[in-house]
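What follows is a single structure, written as structure tokens, with notes after it.
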Ligand SMILES: NC(=O)CCC(=O)C(=O)O
């Protein structure tokens, strides 16, 4: 198990279950900015250290919309990215909001036009100085067909990313995935073994799979890996083309749901305590009982 993550510290996590995403990108960005400011000024309680927006917060969700809303992010791994020169209105807004509010910001996801000309579903992540420190391109595209219920094919216009994302924050290392990525247990398992204290997924499940799988998948990823797991959804809008499940949730390392909501616009807060990970692993020591000598193919990462 990797040990080179920064020292872990407790923090408050805020999930913005944003509503009112329309065809007007400018108004979506303004609303997201207002909600970030609202999230860091809760009526009571401590300021959150990490704030999360949902999947596809600046555009309607659907493959026909991605080409029209796509922006060039321009981030190159390992390089300092000058956000002030960015051509992306979304990146500029998110960077400024993270800086103004002094928080780590997992900026949901946006349709991104990559340097290779492909389109990606991309999360951009900022430190409290407003610097863009990482991006995550959704690896597993949401291509499903449940006859009579839901057919969705992100790959019509999007390309899947090919890198895992682990961000060293002031509170510890955090893994990031996007929505359908949660169905692939390898992401959370590798993140936990690389020292992540949490996996956070901006996401937008639907009314068919949401009731069955949204919470189940988060609890499964948490219990298997003894880390915090959280998903941040948009609010549900029955007038939109895609009906999101909502229920933004935080699950602790024992698999307990410690914060959640229904489907309207809301901000969900939870306290993340690395000590809870240590206690869980001491009590149920699966992290040291693994038998990679028996299933060694899985250990090759
Ligand atoms: N936006 C998505 O990736 C949706 C994933 C989803 O609904 C699922 O069931 O998986």
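Derivation of every value follows stated rules applied to the coordinates shown; laboratory data play no part. Predicted, not measured: the structure shown is a model, and the values here were computed from it. Counting neighbours? That spans all protein chains shown, and the Cβs are built from the backbone with ideal geometry, glycine included.
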Compute the distance from the alpha-carbon center of the range 21-49 to that of the range 216-259, in whole Å. 19 Å
Starting from the Cα coordinates of the chain, work out the convex hull volume and express it per residue in Å³. 134 Å³
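For the chain, what is the calculated [θ] at 222 nm in deg cm²/dmol (nearest 500), taking -39500 (n - 2.57) for each run of four or more DSSP H residues and dividing by its residue count? Walk me through the intermediate numbers first.
Numbers: 7 runs with 66 residues, N = 301.
Rounded to the nearest 500, the figure is -6500 deg cm²/dmol.
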Could you please rank 93, 199, 254, placing first whichever residue has the fewest other Cβ atoms within 10 Å of its Cβ? 254, 93, 199
Specify the angular offset, from 0 to 90 degrees and rounded to the nearest 10, of the alpha carbon long axis of helix 25-39 from the longest principal axis of the alpha carbons in the chain. 40 degrees
Nearest 10 degrees, 0 to 90: helix 274-283 Cα axis against the chain principal axis: 40 degrees
Give me the distance between the Cα centres of the range 177-192 and the range 51-86, rounded to whole Å. 21 Å
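Among rounded, prolate and oblate, which fits the range 193-301 when a ≥ b ≥ c are the square roots of the eigenvalues of its C-alpha gyration tensor, a/c under 1.5 means rounded, and a/b larger than b/c means prolate?
Details: a/c = 3.01, a/b = 1.84, b/c = 1.64.
Verdict is prolate for the range 193-301.
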Name the residue, out of 162, 109, 90, whose mean-square fluctuation peaks in a Gaussian network model built on the chain with Cα pairs under 10 Å. 162
Could you list 81, 269 so that the one with the fewest beta carbons within 10 Å of its beta carbon is first and the one with the most is last? 269, 81
Within the set 20, 148, 177, GNM on the chain using Cα springs under 10 Å gives the largest fluctuation to 148
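Over the chain, what relative contact order in percent results from Cα pairs under 8 Å that are six or more residues apart?
Values: 709 pairs, mean separation 59.1, N = 301.
Relative contact order here is 20 percent.
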Least to most buried among 59, 72, 230, 84, by other C-beta atoms within 10 Å and fewest first, runs 84, 72, 59, 230
